[in-house]
Amino acid sequence: MPFPQRRLRRLRRTPALRRLVAETQLRVEDLIAPLFVREGLRDPQPIASLPGHAQHTIDSLRTEVRELRELGVGAFLLFGVPQHKDAVGSQAWHPHGIVQKALGELRNEHGSDLALIADLCLDEYTDHGHCGVLDTTGQPDNDATLELYGKVALAQANAGAEIVAPSGMMDGQVAAIRSALDDGSFHNTAILAYSAKYATALYGPFRDAVDVSIVGGGDRSGYQQNVANAREAALEISEDIAEGADMVMIKPALAYLDVIARARRETDVPLAAYHVSGEYAMVHAAAQRGWLELEAVAFEHTLAIKRAGADMICSYFTRLLAEEVL
Ligand code: PBG
C-alpha cells in the first residue's frame with residue numbers, strides 16, 4: 001500500500017509531538033565552559049573579539065565559575081596568560097604559574113563538585129607563540145617539546161586539574177603525558193586529547209584572548225592538521241587512544257561535522273568537540289547587525305554538533321545557552 005501523502009508532517013504538528021520525536025537533546029551537562037585567566041591584572045579585561053568573555057583575574061574567574069555552576073555548568077577548560085613569556089614557556093609548569101594558581105583556588109572552593117580541565121600547551125607561554133620549543137628551522141622540536149609537556153601535566157595535576165587537555169599536536173604527546181603522570185603517581189588524572197585539531201583560520205579571536213601572535217607571521221600548519229584531510233583525523237584519534245587518551249576532541253566543530261560523525265562511528269571513548277572562537281565570533285558579528293538571532297543560532301549550532309555525534313561540546317556559548325536557552 002502506498003504511503004499517504006503528508007505522512008512526515010503529522011509528527012511535526014505541535015511542540016509536544018516535536019519534543020516527543022526529537023532525536024537529539026542538548027543538556028547543560030554536555031557543555032564545557034572555556035575560561036581565560038591572566039596574571040597581573042587588577043580588573044578583568046573584556047576580549048573585544050569574544051563578546052561576553054574576558055581575561056579574568058583570579059577573583060573574577062572565581063565569580064564566573066560560581067555563577068556558571070549555579071546555572072548547572074559542571075566542566076571548565078582553563079587557559080592561562082602569564083605576565084612573562086619566554087622561549088620555552090616556563091610559566092606553563094611553574095608551581096605558581098597563573099593556571100596552577102587558578103586551579104588550586106577553584107579546587108579549594110569547589111572540591112570535587114566540578115570537572116576542571118587544563119589546556120596543556122605552550123603557545124600562551126612562549127614569546128614566539130608556537131606550541132613548543134623551536135629547533136634551528138624555527139619549528140617546534142617534537143621530542144624536546146614532549147618533555148616539557150610532561151612537566152606541565154604534572155604541575156597542572158598537582159594543582160588540581162582532573163583532566164589535562166594537550167592541544168599542541170606534537171606526535172606522541174599523549175603517551176609522553178601519560179607516562180609523566182603515572183611516574184608522578186597521578187594515575188587518576190585523565191587525558192582529553194585534542195586529537196584532530198585543524199590548522200584553521202577560525203582561531204583568530206582566541207589568539208587575542210591569550211595575547212599570542214606567532215613570530216614572523218608564521219602559522220601552525222607544520223603541526224596542526226590540514227583542513228583537507230578527514231582520514232588523517234581517524235589516524236590521529238586511533239593513535240591517541242592507543243597512547244592512552246581517555247577522551248578525544250575534534251576542533252573546530254561546525255566545518256568538521258563529517259569528522260565528528262566518523263569518530264563517533266569508529267571510537268567508543270567519550271567524544272568532545274570544540275566550537276571555537278571564530279565560530280562564536282561570526283555568529284555574534286552577524287547578530288550585532290541584526291542579521292541573525294543570537295540565541296537561536298547558538299542553540300542550532302550546538303545541537304548540530306551533538307547530533308553529529310559529540311558527547312560534549314566546549315563552547316563560548318555555554319553561559320548564554322545555560323542562561324537563556326536550556
Ligand atoms: C592552543 C589552543 C588554541 C585554541 C585552543 N588551544 C589556539 C591555536 O592552536 O592557535 C583555540 C581555541 C579557539 O579558537 O577557541 N593552546
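Summary of computed values
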| read-out | value |
| --- | --- |
| Per-residue ³J(HN,Hα) for the range 105-122, Karplus 6.51 cos²θ - 1.76 cosθ + 1.60, θ = phi - 60°, Hz, x for Gly and Pro | 4, 5, 5, 4, 6, 10, x, 8, 7, 9, 8, 9, 10, 10, 5, 10, 7, 10 |
| Principal axis dimensions, largest first and in whole angstrom, of the range 53-121 by Cα | 40, 23, 17 |
| Where the Cα pairs of the range 25-325 fall when distances are cut into 10 Å bins, in % | 6, 29, 40, 22, 3, 0 |
| Degrees, to the nearest 10: 173-183 long Cα axis against longest axis of the chain | 60 |
| For the range 52-65, Karplus couplings with θ = phi - 60° (6.51, -1.76, 1.60), whole Hz, Gly/Pro x | x, 10, 9, 7, 8, 7, 4, 5, 5, 5, 4, 5, 4, 5 |
| Principal axis dimensions, the range 82-165 - Cα atoms, whole angstrom, descending | 45, 24, 15 |
| In sequence order, calculated HN-Hα J values of the range 197-206 (Karplus, 6.51, -1.76, 1.60; Hz; x Gly/Pro) | 10, 8, 7, 9, 8, 9, 8, x, x, 4 |
| Hydrodynamic radius by Kirkwood, which averages 1/r over all alpha carbon pairs of the range 102-213, in angstrom | 14.8 |
| Debye equation applied to the C-alpha atoms of the range 190-324, log10 I(q)/I(0) at 0.18, 0.21 Å⁻¹ | -1.04, -1.28 |
| Mean separation of Cα contacts under 8 Å, 6 or more apart, over the residue count of the chain: relative contact order % | 18 |
| Largest-first principal axis extents of the Cα set of the range 1-150 (Å) | 73, 40, 32 |
| Gap separating the Cα centres of the range 158-222 and the range 280-300, nearest whole Å | 29 |
| Computed helical MRE - 222 nm, the chain, DSSP H runs ≥ 4 contributing -39500 (n - 2.57), nearest 500 | -11000 deg cm²/dmol |
| Exposed GluC sites (Glu not before Pro) absent: longest stretch of the chain, with sites in DSSP loops and at most 14 other Cβ within 10 Å deemed exposed | 24-292 |
| Beta bridge orientation in the range 25-325: antiparallel %, DSSP, nearest 5 | 10 |
| Cross-link pairs beyond the 25 Å C-alpha cut-off, checked among 101/151; 85/306; 101/251 | 85/306; 101/251 |
| P(r) of the range 261-326 over all Cα-Cα pairs, binned every 5 Å from zero, in whole percent | 3, 17, 26, 23, 14, 9, 5, 2, 0 |
| Percent accessible area from carbon and sulfur atoms, the chain, protein chains only, probe 1.4 Å | 50 |
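The values are calculated or read from the model by the stated rules, or taken from the named source; none is laboratory data. Please read all numbers here as calculations on a predicted model, not as lab measurements. Glycine gets a Cβ as well: all are built from the backbone with ideal geometry, and neighbour counts include every protein chain shown. We work out accessible area using only protein heavy atoms, side chains counted, and drop any ligands, DNA or RNA first. Shrake-Rupley method; radii C 1.70, N 1.55, O 1.52, S 1.80 Å.
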